[in-house]
1. Could you give the size of the charge dipole of the stretch 3-122 about its Cα centre, using +1 on the Cβ of each K and R and -1 on the Cβ of each D and E, expressed in debye and rounded to the nearest 20?
2. For every other residue with a beta carbon closer than 13 angstrom to the beta carbon of Q15, add +1 if it is Lys or Arg and -1 if Asp or Glu, then tell me the sum.
3. Once you keep just the Cα pairs under 8 angstrom separated by 6 or more residues, what percentage relative contact order results for the stretch 3-122?
4. Once each part is reduced to its C-alpha centroid, what is the distance from the stretch 17-41 to the stretch 48-80 in angstrom?
5. How big is the antiparallel share of DSSP beta bridges in the chain, given as a percent to the nearest 5?
6. Could you tell me which of rounded, prolate or oblate describes the stretch 3-122, using a ≥ b ≥ c as the square roots of the eigenvalues of the alpha-carbon gyration tensor, with rounded for a/c under 1.5 and, failing that, prolate when a/b is larger than b/c and oblate otherwise?
7. List the lysines whose Cα lies under 17 Å from the Cα of K68, skipping any in the same chain that are fewer than 8 positions away.
8. In the Gaussian network model of the chain, springs joining C-alpha atoms below 10 Å, which of M53, M31, M109 carries the largest mean-square fluctuation?
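We did not get these values from a lab; they are worked out from the coordinates using the rules stated. Everything numeric here is computed off the predicted structure, so don't read it as measured data. Here the Cβ positions follow ideal geometry from the backbone for every residue, glycine too, while neighbour counts run over all protein chains shown.
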Amino acid sequence: MFRIMLVEDELTLRQLFRCHLEDEFPSIEIMEASNANEALQKIGPQPPHLIFMDISLPGESGLELTRKIKKEHPEIVVVIVTGYDLPEYREEAIRCKADYFFTKGATTMDMLSDLVKSILLKKKLKADGFESLTREPR
């Protein structure tokens, strides 16, 4: 099963995004974290396939958290979603090995859903995040 983690300290935004993803992808498991420590604890033995990461988190920044996650789990796709559209943040996101960078003001929920669909397709999964597009021969 495909797993997504939302790392966002604003509860309302996190819940809104979760509801949208659940409507679009009802079979996908969605985890939430409001800070870096919580995110690291929840990654655990079954890490998410995709993380939507805010830059501004209590304690450790989302960029530094991205660096740590990518060091231990380079296969996890990390999407930075931030209200700060600054060149230095984009550059640092690249250095931290984030896979995508979106700004909250210029990004719609549908755009993020389309990104999830494209990632599922690259991983050869159907849009429900559960079934493989290709069957193994019996």
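1. Values: 14 positive and 21 negative charges, 84 e Å.
Rounded to the nearest 20 debye, it is 400 debye.
2. So the environment of Q15 carries a net charge of -4.
3. Values: 171 pairs, mean separation 27.6, N = 120.
That works out to 23 percent.
4. 13
5. Details: 1 of 18 bridges.
Bridges in the chain are about 5 percent antiparallel.
6. Numbers: a/c = 1.31, a/b = 1.14, b/c = 1.15.
Rounded.
7. Qualifying lysines at Cα under 17 Å: K42, K97.
8. Of M53, M31, M109, the Gaussian network model singles out M109 as fluctuating most.
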